[in-house]
Structure formats: C-alpha cells, structure tokens
Amino acid sequence: MARRIATGAAFGGGGIGLLAGAAVGVVLAELALAKRTVGGAGASPQVPNADGLYGTAYADGTPPLRLGMLGDSTAAGQGVRRAGQTPAALLASGLAAVAERMVTLRNVALPGARSDDLERQVSVLLADPARTPDVCVIMIGANDVTTRMAPTTSVRYLSTAVRRLRGAGAEVVVGTCPDLGTIEPVYQPLRWLARRVSRQLAAAQTIVVVEQGGRTVSLGHLLGPEFAANPRELFGPDNYHPSAEGYATAAMAVLPTLCASLGLWPESDHPDASRDEDILPVAKAASAAAAQAGTEVTGARAPWALLKHRRRRRLPTPVEPTPNGSHTRP
C-alpha cells in the first residue's frame, strides 16, 4: 500500500484512500467523541518561540550551523510552555553539543498544518539565500490523516518540499507520521483504523523522502509502547500533544540521524545484524520502519535502502532563548 501511495503521488494520482472504511456510522460516532474529548482543559494555546542561537559556549569565530524546523504542531512544540522544551530547541541544543559548534535555529512549523502548508514553509526558509539551512527537520502527517487528505496528495507535497530543500543544499530529516492509534481518548474501532492508516502514511512518506535524498526516522511507535505505558507522563494536558518528556523522547530518536546527515555521527554502510539492521528494498524498509520506533531509513544504492537503529544519546539540559539571541539554562 505504501508503494502504491508513493507511486500515485509521483504520477499525479489521488484516489487511494486511507480511511475507506471510515464511513461506517460507528466509526464516525467514535471520531466525533474523540474530537470532543481531545484538546480539553489545560492545553497551552501559545507555542513558545525557540528561535535563536544555541551552544554559545562553543563560540570560536566559526559560523554557526543553521537548523530549520518545519511541520505541524508537533514540530512547533504545542503542548509545552517553555521554549527549551520544544523539540526544535532540544535538537538545536543536542546538535550544538555533538558538533561543538553554535547552532542557529529557525522554526517555521505551524500548529494545525497539513502537508500542503510545506510549500509556504519551505519558501519562508529559502527566501534569504544567506540564511539557507544546513539541515532541516520536518515533522508532518497527523493532520493529513485526521482531515482525510488523500495520501497521494499528502506525500506529493512532502516529496516536493524535500526536493526543494535538497536542491538548495540542505540535508533533510523527516520524522514520519505518528501513530494516532495511541491517543488516549480514541476508542475502538477508530483506534485500530488510526494506527493502520498513520503507519501506511509513514511508510509512504519514507519512500518519497528517501527517493529525494533525505532520511527518515519513524516516530509512530514512539507514540506507541512508551506513550501507551505512560500516558500521563508522555502526553500533554490536552491528551493529544506530547508533554515535555514526550518531546524529549522523540528528539532523542531524531538527534542521531540529524547529526549523521551532517557527518557528525559514526557512519557505516554495513548493517549491524545484532541491532536488526539490514539493507532492504525501499518499500520493505519503509514498512519495517513504520512498525518500530526510532528506526532510520536512508538511501543506499537504488532501489535499496539502509535500515538502521542508532544508539540514542541523552540530550543536554534544555536552554531558553533570550531577546539578544543568547541562551540561559532554566
């Protein structure tokens, strides 16, 4: 199915539906109940602004690395109240620590965004050639599923965004669609459908991203066993967006791939069998990644892809932006 979606995107198709069975009355009733329940009291309506300079301790005259963040509310960091708790800030701090170099962060993600907003977000990031990012992280897809955007349309927008960023010289890492079947207020049978369709979209995203020269990290399962086992800890007050601890869990999974894309992490073209790594056809690698948290897929020799399970690194203490662009610890 993921390969069919990706192929449909490449050739302009739009008729492959993810939620063909969602017209059943009981499913619609469950969806209505979930919408009333999700986003309850305690949600933070404002997204902290984490833009600025990170790793000022490494200032040595070397120009800072430029990190761009794109996507939806998860990329923006909705659900937390401090800038240093957002995934973009966590990744910028972690990248600075690994590179031992300052990092300039620019986050153009928008809560509620679908993949069709990526065209605008990429244009904002590339508007000034002097500020073209060295690397970009994209987190997108959940709103495509909940609004029933055609999956071929969804991945076509993502493919175009990755192609534009790569054409501008930026490395690209995509955190694929989360597993919406883990959201606590969602009940059966909608939970099963949400899990199935979000994983299908994540796999299709992986195929088109790898084909455009980017890398992916599956976030779906991170909103699986860990979130399901600790919903009060890893979900935020609205029971939908991750909490600070949840964002940190996702950021730890993305950071090794982010660093590897810039040559800052040990790389090997040989899979480690002890870590269930392998070289597989792209579609099979995408399917396997969608089912396991934190799995990286990067292109090998076409049509093959390298499936990796990188060792996670603890994130440094989060930092908070100040008006002058420097940062202080909370």
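The values are calculated or read from the model by the stated rules, or taken from the named source; none is laboratory data. The shown structure was predicted, so the numbers you read here are calculated from the model rather than taken from an experiment. Quick reminder, even Gly has a Cβ in these numbers, built from the backbone with ideal geometry, and neighbours come from all protein chains shown. Side chains are part of the model used for accessible areas, which takes the heavy atoms of the whole protein and leaves out ligands, DNA and RNA. Shrake-Rupley method; radii C 1.70, N 1.55, O 1.52, S 1.80 Å.
So what's Rg/Rh here for the range 63-119, counting alpha carbon atoms and using the Kirkwood radius for Rh?
That ratio equals 1.02.
Quick one: if the Förster radius is 45 Å, what FRET efficiency do D278 and T147 give, using the C-beta to C-beta distance and rounding to 0.05?
Result of the calculation: an efficiency of 0.80.
Would you work out what percent of the accessible area of the range 61-219, with all protein chains in place, is carbon or sulfur (probe 1.4 Å)?
Using a 1.4 Å probe with all protein chains present, the range 61-219 comes out at 48 percent carbon and sulfur.
Would you please put 211-218, 47-54 in order of how densely packed they are, using the mean number of other Cβ atoms within 10 angstrom per residue and starting with the highest? Numbers along the way, then the final one.
Details: 211-218: 24.2, 47-54: 22.0.
Most protected by this proxy first, the peptides run 211-218, 47-54.
Under 5 Å between amide H atoms, partner at least 5 residues away or on a different chain: which partners does E171 have, H built in plane at 1.01 Å?
V135, C136
At what distance in nm do the modelled label points of A57 and D128 sit from each other, each positioned 7 Å from its Cα along Cα→Cβ?
That separation, rounded to one decimal, is 2.8 nm.
Beta carbons within 10 angstrom, averaged per residue: use that to sort the peptides 157-165, 144-152, 171-179, highest first.
Numbers: 157-165: 23.2, 144-152: 20.3, 171-179: 27.7.
Answer by packing, highest mean first, reads 171-179, 157-165, 144-152.
When all C-alpha to C-alpha distances in the range 68-193 are sorted into bins of 10 Å, what percent of pairs does each bin hold, rounded to whole numbers?
Reading upward from the zero bin: 12, 41, 33, 12, 2, 0.
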